[in-house]
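Worksheet: the structure to be examined is printed underneath.
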Amino acid sequence: MKKQFWIDSALATIFIFCIMWVIFNVTQFKIFDAFDPIGEALDDMDITDIAFSNLREDPLPDTNIVVVNIGYLSRAQLAHEISIINKYDPKIVGVDVFFDGLKADTLGDVLLSRVLGEVDSLVLVSELLQTAQLAMEHPGDEHFDSLHISHEIFNSNAHYGFSNLFTDAETQEDFKTCRAFPPQRKVRKEREESFAVKIAQLYSPQKASKFLKRDNSLEVINYRGNIIDPFTTTDYPNRFYALDVEDVLNEKFEPGLIKDKIVLLGYMGEDFFDTSWDDKFFTPLNKKYAGKANPDMYGVVVHANIISMILNEDYVNQLNDKKGLGIVLAILICFVNVVLFSYIYYRLPDWYDGITKTIQLLEIAFILFVSVILFSVYSFKLNLVITLAAIALAGDALEVYYGVVKNIFNKEKRKQLFTIKRKAV
């Protein structure tokens, strides 16, 4: 009997994981979306967002990075803005905008090309491109065919880093929640660094090298703050130093704000009071971490957060999925639950539902609590989605296993079931 008990526990654990696999694959077709408005609202939420929004101690402002708005400046006007910044001796200038082709305003192109050539350390953005054929051969975001870069007249003095920030959004208007970024990607056989990593490499090669040695395909962004936020979309006091278009063109800033600093230029609306959604993301700093209404951070500020994380060596560590530790932990916890629930099933059948549901709720609450605390205190992220799913299914799935699956393979039980059906007829 003891031997059969352990065999049943093992088989029931396998059965639970089979159910999880079926549920996951069925939900990929989104056939239940019309019946799940709550799920729609919570779909873009992560439990660690609570830590960012409410529990973490506020990091000190990063004075090494200044974010500058380019608004809707023409190329000639942008050349003027960059020339003003450049005369105050920044250490690195990063420009988060593409210069595709040449404009009818040839003078603007010439001015911009000349000014960019005068920057001592310039980083422009590139974009990873993937053909449909490659996407079919290698699904996902690991393999790319080529890079989209600015026109060649702007490239003479530039380093490049790709600006891709992978989200689940299919269009610009969709919800774009940005929690992680790819430090490197392979384009054909060449390794390319992201925009933020390239800037960090130029600013501090040792710290960038240490970061890249982590060798993570995706890195969770340890957000440190936003820019000025007149609409309070973020409930976070820390801010990056930021200059609006008119602040730069009228030189309304202290020279020390720019000298020897990383200056990032990018689109942040017509001005800081613009409510534009262009190149804007939802982040864990959003004041509404569930059912969000308005995105809270421009792409260039996301890059600023990544650079700050690398230079401060303030990474988010995760359970090492490369070694399958998350799956192993899920199997072990599920098996322990199955053993415990099986004991209750046989010894306390009248109490089974009440006791197992209580245990499940306590376990899930405990894991979520530990996950939030570990993230807020130690910047360690537990990826225990599979474990939580296994716990949630264990009680009911075990009843199905003992009441249906196991009986199907028992000749007497099958005979009893068919006998009852014939009597009913």
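Would you call His143 assigned by TED's automatic domain parsing to the domain that holds Lys252 and in contact with a Lys or Arg (Cβ under 7 Å, 6 or more places away or on another chain)? Yes, satisfied. Being of a type in the set (Val, Ile, Thr), modelled with pLDDT under 95 and over 22 Å from Phe195 (Cβ atoms) is the filter here, so list the residues in segment 44-98 that pass it. Ile47, Thr48, Ile50, listed by residue number. None of Leu368, Leu348, Leu361 is in the same structural domain as Leu11 (by TED's automatic domain parsing) and surrounded by 13 or more Cβ atoms within 10 Å (Cβ to Cβ) except Leu368.
Yes or no, residue by residue, for (1) without any contact (Cβ under 8 Å) to a residue 40 or more places away in the chain; (2) in contact with a helix residue (DSSP H, G or I) (Cβ under 7 Å, 6 or more places away or on another chain); (3) surrounded by fewer than 18 Cβ atoms within 10 Å (Cβ to Cβ); (4) closer than 25 Å to Phe282 by Cβ:
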residue: Asp89; (1), (2), (3), (4): no, no, yes, no
residue: Phe98; (1), (2), (3), (4): no, no, yes, yes
residue: Arg114; (1), (2), (3), (4): yes, no, yes, no
residue: Ser121; (1), (2), (3), (4): no, yes, yes, no
residue: Ala132; (1), (2), (3), (4): yes, no, yes, no
residue: Met136; (1), (2), (3), (4): yes, no, yes, no
residue: Ser146; (1), (2), (3), (4): no, no, yes, no
residue: Ile153; (1), (2), (3), (4): no, yes, yes, no
residue: Phe195; (1), (2), (3), (4): no, yes, no, yes
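Counting only strands (runs of 3 or more DSSP E) that sit wholly inside segment 99-203, those with at least 2 residues that are modelled with pLDDT of 95 or more and aromatic (Phe, Trp, Tyr) are 158-162. Answer with yes or no whether Ala79 is among the aliphatic types (A, V, I, L, M), surrounded by 15 or more Cβ atoms within 10 Å (Cβ to Cβ) and assigned by TED's automatic domain parsing to the domain that holds Thr283. Spelling it out, Ala79 is indeed among the aliphatic types (A, V, I, L, M), surrounded by 15 or more Cβ atoms within 10 Å (Cβ to Cβ) and assigned by TED's automatic domain parsing to the domain that holds Thr283.
The values are calculated or read from the model by the stated rules, or taken from the named source; none is laboratory data. Since this is a predicted model, take the numbers as computed values, not measurements. For neighbour counting, all protein chains shown are included, and Cβ atoms are generated from backbone atoms with ideal geometry for every residue, glycine included.
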